[in-house]
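Written below as structure tokens is the structure these notes are about.
The values are calculated or read from the model by the stated rules, or taken from the named source; none is laboratory data. Everything numeric in this text was worked out from a predicted model, so none of it was measured. Methodologically, a virtual Cβ is constructed for each residue, glycine included, from the backbone with ideal geometry; neighbour enumeration extends over all protein chains shown. Side chains are part of the model used for accessible areas, which takes the heavy atoms of the whole protein and leaves out ligands, DNA and RNA. Shrake-Rupley method; radii C 1.70, N 1.55, O 1.52, S 1.80 Å.
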Amino acid sequence: MRDDPAVWARWGLKPLRPAPPAPADKPVKLAKGKAPIITRVPTRDKVVFITIDDGKEKDPRFVQMMTDLRVPISMFLTNDAIKDDYAYFRRLRDLGNHIQNHTMTHPVMSMLGQKEQRQEICGQQEILAKEYGVRPTLFRPPFGRYGDSTQTAAARCGVRAIVMWRESMQINDMQYDEPDKRLRPGDIILAHFRGPAELKGKTMTQMFANLLKRIRKQGFAVARLEDYIQIR
């Protein structure tokens, strides 16, 4: 992450607290088997993790923002949203960000049978491996809806964990799971690739800047989710 105040000022921001080095002993250890659910990373580091879903909006200024600031993100991508421009997400990946699985067509997984769930997850595994050269290890079910059969289907497709969230970014602020509306170490934040049509006229970069302001106000750093996970 960049710490040059002048670079951050281009986006109307001040630098975030620096993230600590990635832990040598990863607090999340994933083995083969039924995919567990992750909603928060067990850590005392004052860090949170940003995840961005879908892929409908492809704002070139967001790529520039990420190039300038180098804030780590994890991208959970849906094929129907990204297939018109796979290259956009390569540019974000090339900044060191990881690409993960969010199904092919964005269905409610808990309403599908085992076969259909495997088609959604395994099919997206193949597409993402072809387009980006890496087979994802993490999966997020659309709308946060899943069941035991989703965990089984994900595991059969090579996914090691299902990633949920504790906060979700809207336009100007986050919705919190906790009533005190405070971030906690290890929280996973959900955002989306959205543009003015979904953000009431705001851009992707404006939404993301608002998210970073909220994180900075509470004194947190942003770390890379995958740096806290060990795949066994």
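Of the DSSP beta bridges with both residues in the chain, give the percent that are antiparallel, rounding to the nearest 5. Present the calculation step by step, with values, prior to reporting the outcome.
Details: 4 of 29 bridges.
Roughly 15 percent of the beta bridges in the chain run antiparallel, per DSSP.
Looking at the square roots a ≥ b ≥ c of the eigenvalues of the Cα gyration tensor of the range 1-80, which shape do they give, rounded for a/c under 1.5, prolate if a/b is larger than b/c, or oblate? Spell out each step's value before the answer.
Numbers: a/c = 3.13, a/b = 1.32, b/c = 2.37.
Oblate, because a/c is 1.5 or more while a/b does not exceed b/c.
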Check your understanding: What ³J(HN,Hα) values, in whole Hz, does the Karplus curve 6.51 cos²θ - 1.76 cosθ + 1.60 give for the range 55-66 when θ = phi - 60°, with x put for Gly and Pro?
Key -> x, 5, 7, 10, 6, x, 5, 5, 4, 5, 4, 5
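Give me the dipole magnitude in Debye, nearest 20, for the range 119-223 about the Cα centre, with unit charges on the beta carbon: positive for Lys and Arg, negative for Asp and Glu. The partial results should precede the final answer.
On the way: 17 positive and 11 negative charges, 72 e Å.
The calculation lands at about 340 debye.
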Exercise for review: Give the long-range amide H neighbours of TRP165: residues separated by 5 or more places, or on another chain, with amide H under 5 Å away, using H modelled in the peptide plane at 1.01 Å from N.
Suggested key: none
Practice item. Rounded to the nearest 500, what is the 222 nm mean residue ellipticity of the chain from helices alone, with -39500 (n - 2.57) per DSSP H run of 4+ residues and division by all residues? Key: -8500 deg cm²/dmol
**Study point:** Over the range 1-134, relative contact order from alpha-carbon pairs under 8 Å, at least 6 apart, %
**Key:** 21 percent
Check your understanding: What are the residues whose amide H is under 5 Å from the amide H of VAL28, where those residues sit 5 or more places off or on another chain and H is modelled from the backbone?
Key -> GLN230
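In whole percent, what relative contact order does the range 95-232 give with Cα contacts below 8 Å and a gap of six or more residues?
Details: 166 pairs, mean separation 25.3, N = 138.
Taking the mean separation of contacting Cα pairs over the length of the range 95-232, I get 18 percent.
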Check your understanding: Quick one: if the Förster radius is 30 Å, what FRET efficiency do ALA129 and ARG70 give, using the C-beta to C-beta distance and rounding to 0.05?
Key -> 0.70
Review point. Given (1) 42, 25, 13; (2) 24, 23, 16; (3) 27, 20, 17, which label gives semi-axes √(5λ) of the Cα gyration tensor in Å as computed from the coordinates?
Key: (3)
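With a probe of 1.4 Å, find how much accessible area the chain has per residue, and write the answer as a whole number in Å². Could you put the intermediate results ahead of the total?
On the way: 10590 Å² over 232 residues.
Here the residues of the chain average 46 Å² of exposed surface.
Using the Cα gyration tensor of the range 53-178, with a ≥ b ≥ c the square roots of its eigenvalues, what is the shape: rounded (a/c below 1.5), prolate (a/b larger than b/c) or oblate (neither)? Numbers along the way, then the final one.
Numbers: a/c = 1.97, a/b = 1.33, b/c = 1.48.
Oblate is the answer for the range 53-178, as a/c is 1.5 or above yet b/c matches or exceeds a/b.
Eigenvalues of the Cα gyration tensor times 5, then square-rooted: what semi-axes does that give for the range 90-161, in whole angstrom, largest first? Don't skip to the answer; put the middle values down first.
Numbers: eigenvalues 95, 26, 21 Å².
In descending order, the three semi-axes are 22, 11, 10 Å.
Could you please put PHE143, PHE62 in sequence from largest to smallest accessible area, using a 1.4 Å probe? Walk me through the numbers on the way to the answer.
Values: PHE143 130, PHE62 0 Å².
Ranking PHE143, PHE62 by accessible area, largest first, yields PHE143, PHE62.
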Review point. So, with a 1.4 angstrom probe, what is the percent of accessible area on the range 36-103 that is carbon and sulfur?
Key: 45 percent
Check your understanding: What number, in percent, do you get for the relative contact order of the chain if the mean sequence gap of Cα pairs under 8 Å and at least 6 apart is divided by its residue count?
Key -> 34 percent
Check your understanding: Ranked from the most accessible area to the least, with a 1.4 Å probe and all protein chains present, what is the order of CYS157, CYS122?
Key -> CYS122, CYS157
Review point. Among TYR228, MET65, ASN101, which residue has its Cα positioned farthest towards the positive end of the charge dipole of the chain, with +1 placed on the Cβ of Lys and Arg, -1 on the Cβ of Asp and Glu, and the dipole taken about the Cα centre?
Key: TYR228
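Could you sort ILE127, ILE231 by accessible area so the largest value comes first, with the probe set to 1.4 Å? Please report the intermediate quantities before stating the final value.
Values: ILE127 35, ILE231 70 Å².
My answer, sorted largest first, is ILE231, ILE127.
Tell me the carbon and sulfur percent of the accessible area for the range 125-216, rounded to whole percent, probe radius 1.4 Å.
On the way: 1740 of 3970 Å².
Within the range 125-216, the accessible surface is 44 percent carbon and sulfur.
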Check your understanding: For the range 100-232, rounded, prolate or oblate, judged on the Cα gyration tensor with a ≥ b ≥ c (square roots of eigenvalues), a/c < 1.5 rounded, else prolate if a/b > b/c?
Key -> prolate
Study note, to complete from the structure: Taking the dipole of the range 151-232 about the Cα centre (Lys, Arg +1; Asp, Glu -1; charges at Cβ), the one of THR205, TYR176, ALA153 that reaches farthest to the positive side is THR205
Review point. Based on the Cβ-Cβ distance of ARG182 and ARG10, what FRET efficiency does E = 1/(1 + (r/R0)^6) give at R0 = 30 Å, to the nearest 0.05?
Key: 0.55
Review point. How large is the charge dipole for the chain, taken about the Cα centre, if only the Cβ atoms of Lys, Arg (+1) and Asp, Glu (-1) carry charge, to the nearest 20 debye?
Key: 480 debye
